[in-house]
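Notes follow once the structure below has been shown.
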Amino acid sequence: MSAADEFASELVAGLRATPRAVAPKWFYDQAGSELFDQICELPEYYPTRTELALLQRHAPEMAECIGRDAEIVEFGAGASRKVRLLIEALASPRRFVPVDISVEHLQAAAARLRDDHPGLAVLPVGGDYTQDLALPAPLGRRIGFYPGSSIGNFEPAAAEALLRRFAGLLQGGGLLIGVDLVKDPAVLHAAYNDSQGVTARFNLNLLARANRELATDFALDGFWHSAFYQPALRRIEMHLVCRVAQTVTLRGERFAFARGDSLHTENSYKYTAEGFRQLARRAGWAPRAVWQDPQGLFSLHWLEPA
Ligand code: AVI
């Protein structure tokens, strides 16, 4: 199935469902990936800078956990900014394999990395790490890197399944994973409702992408971005809420939106460090070191196969 057919069939299923929902992986076309890179620079969006600071500060300890001659596989590599700090701290990494669904973005980031590290073998793999993913035969011990708390974008049961999948793909190697922490809801609210409206544009790009790729006719200014924290579930929810009633056609099927109807586009779960370690244990990992910033905003976990 082509990527467009897959997007169409998931969007049709999501629009038929009650409540309406679509997986956040569809945010990341070229425009969405660029908007996400802008989110990472926002003053309100603390996860990126906090995780970068943790990597800057603790990369030598992380490199010690990883060991020599490792092959690093980054899941959802995007701009591959964070892995640079790790690569610089590692002793003779064998190869870097960035995996991402947004292929153009991936290729551009891989080219930049090759320019900056001429001695490093970089082999980008375009694909969806939540589906069957064909990785090249490993060159040495394989270690996973999954920063950014993307694990938080999965329901806990799906997060557990993904951690198991990673264990299979890594063939006995460890996993370094970034996890956003439970905190003051006001800090979370600001991070997903930035004053420049970048997160709103990122959310709305999903509909713009559908219009571009699937020839749907969403009236973009007829939807607004809504993001709020659900304390009982420890998650941020993002929605696109209809403000002007409209009917949208997708692959010959018509979907009516009344004012106030919502399309749920993303969950972003937050964990306590211990809560995440328990999840990792259920997925067959043995949690080892944890690094956290002094304010307790974000964490990085080193997991080994149990
Ligand atoms: C990629 N992911 C971890 C981001 C998050 O914080 O859940 C995506 C995002 N959505 C809105 N802002 C950032």
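Quick notes on this one:
- Residues A306 and D69, FRET efficiency given R0 of 22 Å [Cβ-Cβ distance, rounded to 0.05]: 0.40
- Segment Q171..L220, full-extension length gain: 13.2 nm, with 0.36 nm per residue of separation and the alpha-carbon distance subtracted.
- Evaluated at q = 0.12, 0.13, 0.15 Å⁻¹, a Debye calculation over the C-alpha positions of the chain (equal weights, vacuum) places log10 I(q)/I(0) at -0.81, -0.95, -1.24.
- Between 0 and 90°, nearest 10: helix 273-282 axis offset from the chain longest Cα axis: 90
- Here the accessible area of the chain is 53 percent carbon and sulfur, with a 1.4 angstrom probe and all protein chains present.
- Cα-based helix-to-principal-axis angle, 198-214 vs the chain, degrees rounded to 10: 70
- Rg and Dmax, both from the Cα atoms of the stretch 149-254 and both in Å, are 17.7, 52.
- Label separation (E88 vs R112): 1.5 nm, computed from points 7 Å beyond Cα along the C-beta direction.
- Net charge of the neighbourhood of H58, taken over other residues with C-beta under 12 Å away and scored Lys/Arg +1, Asp/Glu -1, is -3.
- All other residues whose Cβ lies under 14 angstrom from that of F257 are scored, Lys and Arg at +1 and Asp and Glu at -1, for a net of +1.
- Applying the Kirkwood pairwise sum to the alpha-carbon positions of the stretch 1-159 produces a hydrodynamic radius of 17.0 angstrom.
- Each residue, R281 and E104, gets one label point 7 Å from its Cα in the Cβ direction; the gap between the two is 4.6 nm.
- Compared with the dominant principal axis of the Cα atoms in the chain, helix 103-116 is inclined by about 30°.
- Compared with the direct C-alpha span, the chain from E155 to R259 gains 34.7 nm at full extension, assuming 0.36 nm per residue.
- Each Lys or Arg adds one and each Asp or Glu takes one away; over the other residues whose Cβ falls under 13 Å from the Cβ of E160, this sums to +4.
- Per residue value of the accessible surface for the chain (all protein chains in place, 1.4 Å probe), Å²: 42
- Of all lysines in the structure, the ones whose alpha carbon falls short of 16 Å from that of K183, not counting any fewer than 8 places away in one chain, are K270.
- The calculated pair-distance distribution of the stretch 244-293 uses every alpha carbon pair, bins of 10 angstrom beginning at 0, and gives 18, 26, 15, 13, 25, 2 percent.
- Distance between the 7 Å Cα→Cβ label points at D184 and E61: 2.5 nm.
- Length gained when the stretch A289-Q196 is fully extended (0.36 nm per residue, less Cα-Cα span): 29.8 nm
- As an equivalent ellipsoid, the stretch 217-306 spans semi-axes of 40, 16, 10 angstrom, where each value is the square root of five times an eigenvalue of the C-alpha gyration tensor, largest first.
- The residues M1, M238, sorted by heavy-atom accessible surface at 1.4 Å with ligands and nucleic acids left out, run M1, M238 from largest to smallest.
The values are calculated or read from the model by the stated rules, or taken from the named source; none is laboratory data. Just so you know, these numbers come straight off a predicted model, no measurement behind them. Every residue, glycine among them, receives a Cβ derived from its backbone with ideal geometry; neighbour counts consider all protein chains shown. For accessibility, only protein heavy atoms count, side chains too; no ligands or nucleic acids. Shrake-Rupley method; radii C 1.70, N 1.55, O 1.52, S 1.80 Å.
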